[in-house]
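Reading through the structure tokens given below for one structure.
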Amino acid sequence: MKLVHDPVHGYIELDEFARRLVDTPEFQRLRRITQLGFAFLAYPSARHTRFEHSLGTFHLAKKIRTYNPEIEEGALYAALLHDIGHYPFSHTLEGLYPRHEENALWVIENGSVGDIIRENYSIQEFKKLLKHPPLVSGDIDADRMDYLVRDAYYTGGAAYGVVDLERLVRNLKFDGKMLVVEEKGIMAAQNLLLSRAMMYPTVYFHHTAKIAEAMLRKAVELEEIALEEIRLMDEIDLVSRLRNSEKVEVRELIRAIDDRKLYKRVYCSNKELDEKTISTLKRELQEEFGHSALLDYPPKPKYEERNAFVKIGSKTKRLSEVSPLVRSLVEMKDVYWRWCVYAREGIREKVRQFLSRFF
């Protein structure tokens with residue numbers, strides 16, 4: 001048994017099989033993948049990584065299984081490896097490449113971590129656990145519990161991340177398909193979902209991070225890095241590649257991020273656009289301003305609070321049915337989403353005039 005000290009959970013125990021998975025190059029790469037992408041530009045201490053988050057998720061998964069021994073042991077190791085497919089800067093590049101869950105399946109099948117897995121499981125068996133993991137696939141699970149308290153801790157101890165994890169863990173029951181909250185855990189579950197909703201506008205959607213993400217995506221797009229290269233890169237690899245690019249515009253973008261001379265917001269809206277308008281706007285901005293003006297049209301976040309279930313007596317109900325607060329979170333799910341156009345400081349007025357004509 002190996003002990004790892006964690007500032008959020010205290011000591012995390014790794015059994016021999018978990019230790020060997022952690023010691024693979026693919027898992028060690030997660031030390032160089034920041035959990036919150038460019039949030040550190042707004043919250044300097046938000047430099048934590050997918051590595052410690054994965055260990056924390058494994059730790060909570062083990063605690064949940066302590067109260068639910070019918071969950072198969074392999075689900076613990078699926079929880080440990082659930083983020084192994086993340087690209088540099090976490091979710092930032094998922095608009096350009098397949099989702100990290102798909103990349104995780106490729107890493108498991110082709111990386112050295114797969115050699116360790118094959119000692120105890122078939123790859124197909126383990127991939128099924130990754131696709132439908134009972135401990136990290138629900139609305140209230142080990143993954144969400146860890147990242148919310150961890151992200152709050154590293155962004156200055158935001159009160160939004162204060163969740164009674166112990167009470168929640170003790171009151172999660174596996175019904176054969178998913179984790180269900182028992183009645184005594186409803187308040188803790190409610191606080192978890194409230195924390196998530198409040199972290200979106202303050203951290204996950206912080207405009208500084210969103211601008212840097214848009215600039216990085218543009219640099220990677222211009223650099224034309226193939227999936228085969230990006231899927232195993234870490235952030236050191238990627239930034240070095242962009243800094244040494246043969247393309248002037250790529251070097252300009254990454255230098256601006258390095259020096260925190262970020263683009264500025266020109267226009268933002270929460271009014272949805274159809275795909276044709278999005279495509280046209282993106283193309284015309286490119287033709288008029290090149291890489292100096294960017295459209296950032298993110299997918300809407302999946303506030304899946306309606307997928308949290310609780311056990312009241314002998315009946316299983318959605319948490320939103322028994323909690324007015326959670327019901328309101330479902331109703332306000334689109335409040336903080338918006339798309340924006342960003343531009344270099346010197347051309348903001350020209351871009352603003354262009355948008356006036358466009359719309």
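The values are calculated or read from the model by the stated rules, or taken from the named source; none is laboratory data. If you're wondering where the values come from, they're calculated on a predicted model, not measured in any experiment. Heads up, the Cβs are rebuilt from the backbone with ideal geometry, glycines too, and the neighbour counts pull from every protein chain shown. These accessible areas exclude ligands, DNA and RNA; they are computed on the full protein's heavy atoms, side chains included. Shrake-Rupley method; radii C 1.70, N 1.55, O 1.52, S 1.80 Å.
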Legend entry - Charge dipole magnitude, Cβ of K and R +1, D and E -1 - the chain, Cα centre, debye nearest 20: 1100
Legend entry - Angle between the chain longest axis and helix 50-66 axis [Cα atoms, degrees, rounded to 10]: 30
Inset, instruction - Using every pair of alpha-carbon atoms in the range 230-359, split the distances into 5 Å bins beginning at 0 and state the percent of pairs per bin, rounded to integers. - result: 2, 9, 13, 13, 13, 12, 11, 8, 7, 6, 3, 2, 1, 0
Inset, instruction - Kindly express, to the nearest 10 degrees and within the range 0 to 90, the angle between helix 348-358's C-alpha long axis and the longest C-alpha principal axis of the chain. - result: 90
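Counting residues in the range 75-126 as N, plug N into 2.2 N^0.38 Å and put the Cα Rg over that result.
Normalised Cα radius of gyration, the range 75-126: 1.17.
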Legend entry - Accessible area per residue, Å², the range 155-289 with all protein chains present, probe 1.4 Å: 52
Inset, instruction - Just the number, please: carbon plus sulfur as a percent of the accessible area of the chain, 1.4 Å probe, no ligands or DNA/RNA counted. - result: 48
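What does the C-alpha gyration tensor say about the overall shape of the range 103-145? Classify as rounded when a/c is under 1.5, otherwise prolate if a/b is larger than b/c, or oblate.
Prolate, because a/c is 1.5 or more and a/b exceeds b/c.
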Legend entry - Angle between the chain longest axis and helix 100-110 axis [Cα atoms, degrees, rounded to 10]: 70
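When the dipole is taken about the Cα centre of the range 81-219, and only Lys, Arg (+1) and Asp, Glu (-1) are charged at their Cβ, what size is it in debye, to the nearest 20?
Here the range 81-219 has a charge dipole of around 280 debye.
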Inset, instruction - Using only Cα atoms, locate the centre of the range 79-108 and the centre of the range 178-231, then give the distance between them in Å, rounded to an integer. - result: 13
Legend entry - Residue with peak Gaussian network fluctuation, the chain [Cα springs, cutoff 10 Å], from L21, L285, L76: L285
Inset, instruction - Using the Kirkwood radius over Cα pairs, work out the Stokes-Einstein diffusion coefficient for the range 1-66 at 4 °C and 1.567 mPa s, in µm²/s as a whole number. - result: 101
Inset, instruction - Treat every Asp and Glu Cβ in the range 175-331 as -1 and every Lys and Arg Cβ as +1, leave all other atoms uncharged, and give the resulting dipole magnitude about the Cα centre to the nearest 20 debye. - result: 780
Legend entry - Probe 1.4 Å, protein heavy atoms only - accessible area per residue of the range 1-86 in square angstrom: 37
Legend entry - Mean residue ellipticity (222 nm) of the chain, computed from DSSP H runs ≥ 4 via -39,500 (n - 2.57), nearest 500: -14000 deg cm²/dmol
Inset, instruction - Work out the FRET efficiency for E349 and E272 from their Cβ-Cβ distance, taking R0 = 35 Å, and round it to the nearest 0.05. - result: 0.85
Legend entry - Sequence of K177, K264 when ordered by accessible area, the most exposed leading, probe 1.4 angstrom: K177, K264
Legend entry - Gaussian network model of the chain, springs between alpha carbon atoms under 10 Å - residue of S45, S292, S279 with greatest fluctuation: S279
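For the chain, which span is the longest to avoid every loop-located (per DSSP) member of GluC sites (Glu not before Pro) having at most 16 other Cβ atoms inside 10 Å?
120-223
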Inset, instruction - Please give the length that would be gained between E284 and R265 if that part of the chain were fully extended, namely 0.36 nm times their separation in residues minus their C-alpha to C-alpha distance (nm, one decimal). - result: 5.1 nm
Legend entry - Distance violations [Cα-Cα > 21 Å] among K2/K128; K210/K300; K62/K127; K177/K317: K2/K128
Inset, instruction - Among T277, F358, A104, pick out the residue whose Cα is farthest towards the positive end of the charge dipole of the chain, where Lys and Arg carry +1 and Asp and Glu carry -1 on C-beta, about the Cα centre. - result: F358
